[in-house]
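The values are calculated or read from the model by the stated rules, or taken from the named source; none is laboratory data. This structure is a prediction, so every number in the text was calculated from the model and none was measured. In this analysis, Cβ positions are derived from the backbone assuming ideal geometry, glycine residues included, and neighbour counts consider all displayed protein chains.
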Amino acid sequence: MNDWKKNTIIYQIYPKSYFDSNHDGSGDLEGIIQKIPYLKSLGITMVWLSPIYLSPMADNGYDISDYRAIHPMFGNLEIFKRLVKTLHENEIKIMMDLVLNHSSDEHPWFKESLNKPSSSEEDFYIWRKGQKNNRKPPNNWTSFFTGKAWTYKQERDAYYLHLFGHKQPDLNWENERVRKELYKIVEFWIDIGVDGFRMDVINLISKRKGLPKGKFSIALTGKEHYMNGPKVHQYLKEFHQQVLAEKALITVGETVFVSPEEALKYCHKDADELDMVFHFDHMNVDSFNNKWFIRPFKPKKLKKVLYRWQEELYPDGWNALYFENHDQPRSVSRFGNTKDYYERSAKMLATVLYLQRGTPYIYQGQEIGMQNVSFTDLAQYRDIETLNVYDIGRNKLHFTHRRMMKKIRYMSRDNARTPMQWNAQANAGFSSTEPWIEVNPNYPNINVEIQESDPHSILNYYRQLIALRKQYNVIIEGDFKPYYVNHKALYFYTRSDEQCTVIVIANHGEKELAFDVPNEFSTEHTTPILSNMEKKPLQRTMKLAPYEAQVYTIGKV
């Protein structure tokens, strides 16, 4: 991997919720252009945009009806080209979201597939006759959005596969024509100037031949037949060879249910597939079997997952460091303490994550500590997954309304999709009109404008962290070594090279913590370089307040 990729700091924008420049209640590309000075001041070097393509918006843009067109809500192709140009002028690269496992059912490909079917081997989508005289789906696979993964269409007298919503039919990667069309789409955006791609659920594109019946699972029945499927690496190597090779691009794949061992097959430095992957091990530490079956969060579980990925991907793979994105709750609400140690815990989480080895991904609003929204009425939510889960929970599992709303307030994807909180004006300065989804009511106290003027704010702490990554090469390339691995609250790890060692210490708990610094570290030649409280010298016996973080250097920079 090229050094510039390792040095990249990526900021994800959910365009619909970032900044509304034309006062229609939804964010847009022009709004992003207007906020480029803010992005530059943060210190990020690449922007990742969630989908902005033409779409009926059944899943907020992850259901694409035209891969070469911009949804009018966001602008048009000319504005996008101006966005790319302006970002590049400010030394910021741009990453697009590629949704290649499925399209919208309103895509011309699907309409033609529905009304002018060819043989199943040559089809762009996955069609099958049902069981019992077509009265039941072809198999028992279930959808990520709950319910069956098959929908019947009378026009074809057959079922089509959709691992997500029924308006998101899976593309048939077995068909070479499908792959060639998708590669042309990617080349189209590269020619415009796009610098990288995030590939949505890319490890699902290959399905087992025959689509056999799946083993029952409370999470996803049938996943063993398409998760890291039989031809997925063949497809990705072909994709790399025909489109991505010899180009200065970053690629990151969203890969669900992968272990470090499996991840290395995608991002090994010699694999010629992806530069890095998003895994979900740390997103499952507060649930079991399914994210909606929530269990109490224990910091030790999070720490052990993070350490495992640091150690097992090295030296041949590269980590993608994230706590938040458009599909996850807000990390300070999930892993921190918003009641008693809000700012301190937000800074602590950022410290222990972003000083690890890998590429940082910061989600919009994370840098100011935006929190879960805690809507009280189901009608305030917009997310298709959230609404489907509520329906299943109430009508099939017979959970109470109160129980389902508690789950939704903790885990709904809409927690991350409320409008960016720019200031204390109406609608958090996001829009002059009613937004497409309500603003978090806490925006008068949590917003960019307030934090810009506070040198000790979460925002300015993120700027310090980003500056440290640029200043200390050891944070990029250095070895990672953990200590106190089995401690329930203490983070203690080092990043080291021949010239310098960085020591990261943090208390992920609500009680004061005392511990001994290992004897191998001199307490006389260390320099404190960052803290979410007051900087203090390294001592043989240390005491950390709840959620306190301290960072030190030993040796030359």
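Computed values, structure above
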read-out: Subset tally (residues that are under 20 Å from the mean Cα position of the chain (by Cα), among the hydroxyl-bearing types (Ser, Thr, Tyr) and assigned to a helix (DSSP H, G or I)) for the range 333-392; value: 4
read-out: Every pair of residues 6+ apart whose Cβ atoms lie under 7 Å, when the first sits in the range 193-208 and is free of Cβ contacts under 8 Å to residues at least 40 places away in the same chain while the second is small (Gly, Ala, Ser); value: Ser206/Gly229; Arg208/Gly229
read-out: The range 464-480 residues that are under 16 Å from Val352 (Cβ atoms), paired with ones that are polar (S, T, N, Q) (beta carbon under 6 Å, 6 or more apart); value: Gly478/Ser496; Phe480/Gln310
read-out: Number of the exception - Tyr307 against (1) closer than 30 Å to Thr221 by Cβ; (2) surrounded by fewer than 22 Cβ atoms within 10 Å (Cβ to Cβ); (3) of a type in the set (Phe, Trp, Tyr); value: (1)
read-out: Where a residue in the range 173-184 is under 13 Å from Leu236 (Cα atoms) and its partner, wherever it lies, is hydroxyl-bearing (Ser, Thr, Tyr) and crowded, with 16+ Cβ neighbours inside 10 Å, with Cβ under 9 Å and at least six apart; value: Trp173/Ser206; Trp173/Tyr235; Glu174/Ser206; Arg179/Tyr235; Leu182/Tyr67
read-out: Selected residue [farther than 22 Å from Tyr381 by Cβ, outside the structural domain of Glu534 (by TED's automatic domain parsing) and hydrophobic (A, V, I, L, M, F, W, C)] from Ile437, Ile450, Ile446; value: Ile450
read-out: Identity of the residue in the range 148-172, more than 24 Å from the chain's Cα centre (by Cα) and not in a strand (DSSP E or B), that ends up surrounded by the most Cβ atoms within 10 Å (Cβ to Cβ); value: Asn172
read-out: Residue within the range 474-481 that is buried (at least 20 other Cβ atoms within 10 Å of the Cβ), out of contact with any Pro (no Cβ under 9 Å at 6 or more places or on another chain) and within 30 Å of Met420 (Cα to Cα) present; value: yes
read-out: Inter-residue pairs, beta-carbon under 8 Å, first in contact (Cβ under 8 Å) with a residue 12 or more places away in the chain and in the range 374-399, second among the basic types (Lys, Arg) and outside any helix (DSSP H, G or I), 6+ apart; value: Arg382/Arg417; Asp383/Arg417
read-out: Candidates Arg344, Arg334, Arg330 - the one that is basic (Lys, Arg), closer than 26 Å to Glu449 by Cα and buried (at least 23 other Cβ atoms within 10 Å of the Cβ); value: Arg330
read-out: Number of the exception - Ser432 against (1) farther than 22 Å from Ile362 by Cβ; (2) touching a helix residue (DSSP H, G or I) at 6+ places or on another chain (Cβ under 7 Å); value: (2)
read-out: Restricting the range 71-83 to residues that are of a type in the set (A, V, I, L, M, F, W, C) and surrounded by fewer than 20 Cβ atoms within 10 Å (Cβ to Cβ), the residue that is nearest to Lys167 (Cα to Cα); value: Leu77
read-out: The range 247-279: number of residues that are surrounded by fewer than 17 Cβ atoms within 10 Å (Cβ to Cβ) and not in a helix (DSSP H, G or I); value: 7
read-out: Options Asn486, Asn440, Asn447; residue that is in contact with a helix residue (DSSP H, G or I) (Cβ under 8 Å, 6 or more places away or on another chain), surrounded by fewer than 17 Cβ atoms within 10 Å (Cβ to Cβ) and modelled with pLDDT of 95 or more; value: Asn486
read-out: Condition check for Thr501: exposed (fewer than 14 other Cβ atoms within 10 Å of the Cβ) and among the β-branched types (Val, Ile, Thr); value: no
read-out: Residue match in the range 134-143 (condition: without any contact (Cβ under 8 Å) to a residue 24 or more places away in the chain, under 28 Å from Leu236 (Cα atoms), surrounded by fewer than 21 Cβ atoms within 10 Å (Cβ to Cβ) and over 23 Å from the mean Cα position of the chain (by Cα)); value: no
read-out: Condition met for Val178 (in contact with an Asp or Glu (Cβ under 7 Å, 6 or more places away or on another chain) and outside any loop (DSSP other than H, G, I, E, B)); value: no
read-out: Every residue from the range 402-428 that is outside any loop (DSSP other than H, G, I, E, B) and touching a residue at least 40 places away in the same chain (Cβ under 8 Å); value: Lys407, Tyr410, Met411, Arg413, Asp414, Asn415, Ala416
read-out: The range 361-393, subset more than 18 Å from Trp436 (Cβ to Cβ) and aliphatic (A, V, I, L, M), residue surrounded by the fewest Cβ atoms within 10 Å (Cβ to Cβ); value: Ile392
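This table checks each residue for (1) free of Cβ contacts under 8 Å to residues at least 40 places away in the same chain; (2) in contact with a strand residue (DSSP E or B) (Cβ under 9 Å, 6 or more places away or on another chain).
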| site | (1), (2) |
| --- | --- |
| Tyr67 | no, yes |
| Ile70 | no, yes |
| Lys81 | no, no |
| His88 | no, yes |
| Met95 | no, yes |
| Glu112 | yes, no |
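This table checks each residue for (1) more than 29 Å from Glu246 (Cβ to Cβ); (2) modelled with pLDDT of 95 or more; (3) touching a Lys or Arg at 6+ places or on another chain (Cβ under 9 Å).
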position: Ile9; (1), (2), (3): no, yes, yes
position: Gly31; (1), (2), (3): yes, yes, no
position: Ile36; (1), (2), (3): yes, yes, no
position: Lys40; (1), (2), (3): yes, yes, no
position: Asn60; (1), (2), (3): yes, no, yes
